[in-house]
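Single-structure report; data block below.
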Amino acid sequence: MRVVFVHGACVRDGSWWWHRTAGLLQERGVPSVAPALPSCGETGPPGGVGGPGLAEDVAAVRQVLRDSDEPTVVVAHSYGGIVTAEAAAGIEAVRHLLLISSYLPEVGQSLSEFGDGTPAPFLDIDPGAGTFGVRPELLVDTFLQDCDPEDQVEAADHLARQSVRVTGEPVGAAAWQQVPSTYLVCAQDRGTPARLQREFARRAGKVVELDAGHHPFLSRPAAVRDLLLSL
């Protein structure tokens with residue numbers, strides 16, 4: 001078994017965001033990888049007008065999934081669920097999807113359809129540059145309130161400006177319709193409230209709740225590891 005982690009929006013260096021859970025998995029002999037998402041500027045061209053969007057993110061994750069025929073669990077966080085819906089479709093090695101505070105789009109849906117039409121207060125959008133990002137001053141209180149102080153400080157260095165195009169681009173597949181899926185509801189999440197997560201989770205095959213904020217793989221890594229091993 002191997003695990004492929006797909007991070008959420010407006011961050012970079014996926015291996016850092018997942019490192020606490022990945023380390024615990026490695027101790028149990030389970031390898032993992034965290035693909036870089038081009039729309040976050042992780043592969044060279046910066047996000048923004050003329051830069052990479054959802055299609056490039058999908059291609060990057062899909063390439064990693066195709067690199068091995070080992071049975072794979074894909075863990076998608078937040079926006080990562082949009083990417084995974086298309087990237088994991090039709091990949092025989094993918095045996096399970098674990099969606100953490102995530103979105104499960106139908107074919108033709110985009111990230112913007114999961115909101116109320118107004119920008120979230122914790123986001124900064126620059127229409128001229130074609131990017132959006134998390135307001136640094138709201139990062140901890142919104143997304144990391146239950147994490148160690150060390151991680152709260154380091155997280156600020158792993159934020160990214162992302163192409164705003166990804167919010168309106170529709171997915172071309174919905175892997176969760178064919179692959180067994182588990183949704184992890186983060187009950188203390190201040191970015192994506194639990195009530196919304198529970199609505200999204202109705203599309204998943206199984207639902208688990210954890211008393212954690214938006215990043216349980218940082219704040220509750222042993223719980224996430226145990227859930228993954230149980231799959």
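If you scan segment 100-110, which residues turn out to be hydrophobic (A, V, I, L, M, F, W, C) and in contact with a His (Cβ under 8 Å, 6 or more places away or on another chain)?
Result: I100, single match.
Can you tell me which residue among V73, V83 is in contact with a Lys or Arg (Cβ under 7 Å, 6 or more places away or on another chain), at pLDDT 95 or above and under 19 Å from Y103 (Cβ atoms)?
From the options V73, V83, the qualifying one is V73.
Which pairs do you get when a residue that is surrounded by 18 or more Cβ atoms within 10 Å (Cβ to Cβ), found in segment 7-24, comes within reach of a residue that is among the β-branched types (V, I, T), reach meaning Cβ atoms under 7 angstrom, with the pair 6+ apart or on two chains?
C10/V134; W17/V11; T21/V224
On the given criteria, is S112 touching a helix residue (DSSP H, G or I) at 6+ places or on another chain (Cβ under 8 Å) and within 17 Å of V164 (Cα to Cα)?
Yes, satisfied.
Contact list please: Cβ distance under 9 Å, first residue in segment 140-169 and modelled with pLDDT of 95 or more and of a type in the set (F, W, Y), second residue in a helix (DSSP H, G or I) and surrounded by 13 or more Cβ atoms within 10 Å (Cβ to Cβ), pairs at least six apart or on different chains.
Within 9 Å, the pairs are F143/A155.
For residues in segment 98-120 being assigned to a loop (DSSP other than H, G, I, E, B) and among the acidic types (D, E), which is nearest to P193 (Cα to Cα)?
D116
Looking at E92, E86 in this structure, which one is farther than 16 Å from Q162 by Cβ, charged (D, E, K, R) and buried (at least 20 other Cβ atoms within 10 Å of the Cβ)?
None of the others qualify; the one that does is E86.
Which residues, counting only those in segment 182-193, are of a type in the set (G, A, S) and in contact with an Asp or Glu (Cβ under 8 Å, 6 or more places away or on another chain)?
Selection gives A187 alone.
Which one of the conditions (1) farther than 16 Å from L99 by Cα; (2) crowded, with 21+ Cβ neighbours inside 10 Å; (3) not polar (S, T, N, Q) does V153 fail to meet, given that it meets all the rest?
If we test V153 against (1) farther than 16 Å from L99 by Cα; (2) crowded, with 21+ Cβ neighbours inside 10 Å; (3) not polar (S, T, N, Q), just (2) comes out false.
Condition (residue is modelled with pLDDT of 95 or more, over 27 Å from G50 (Cα atoms) and basic (K, R)) applied to segment 90-98: is it met by at least one residue?
yes
Return the pairs, sorted by first residue and then second, in which the second residue is part of a loop (DSSP other than H, G, I, E, B) and of a type in the set (V, I, T), the first residue lies in segment 80-99 and is under 26 Å from L210 (Cα atoms) and touching a residue at least 40 places away in the same chain (Cβ under 8 Å), the beta carbons are less than 8 Å apart, and the residues are 6+ apart or on different chains.
I82/V171; A85/V171; A88/V179; V94/V179; R95/V179; H96/V179; L97/V179
Please verify whether R190 is part of a loop (DSSP other than H, G, I, E, B), surrounded by 14 or more Cβ atoms within 10 Å (Cβ to Cβ) and basic (K, R), treating the condition exactly as stated.
yes
Return the residues of segment 31-46 that are touching an Asp or Glu at 6+ places or on another chain (Cβ under 6 Å) and of a type outside the set (A, V, I, L, M); say none if nothing qualifies.
Within segment 31-46, P38, S39 qualify.
Quick one: which of R198, R220, R202 is among the charged types (D, E, K, R) and either under 12 Å from I100 (Cα atoms) or in contact with a helix residue (DSSP H, G or I) (Cβ under 8 Å, 6 or more places away or on another chain) (or both)?
R198
Within segment 107-139, count every residue that is at pLDDT below 95, among the acidic types (D, E) and more than 19 Å from the chain's Cα centre (by Cα).
1
The values are calculated or read from the model by the stated rules, or taken from the named source; none is laboratory data. Note that this is a predicted model, so its numbers are computed, not measured. All Cβ positions, even for glycine, are placed from backbone atoms using ideal geometry, and neighbour counts span all protein chains on display.
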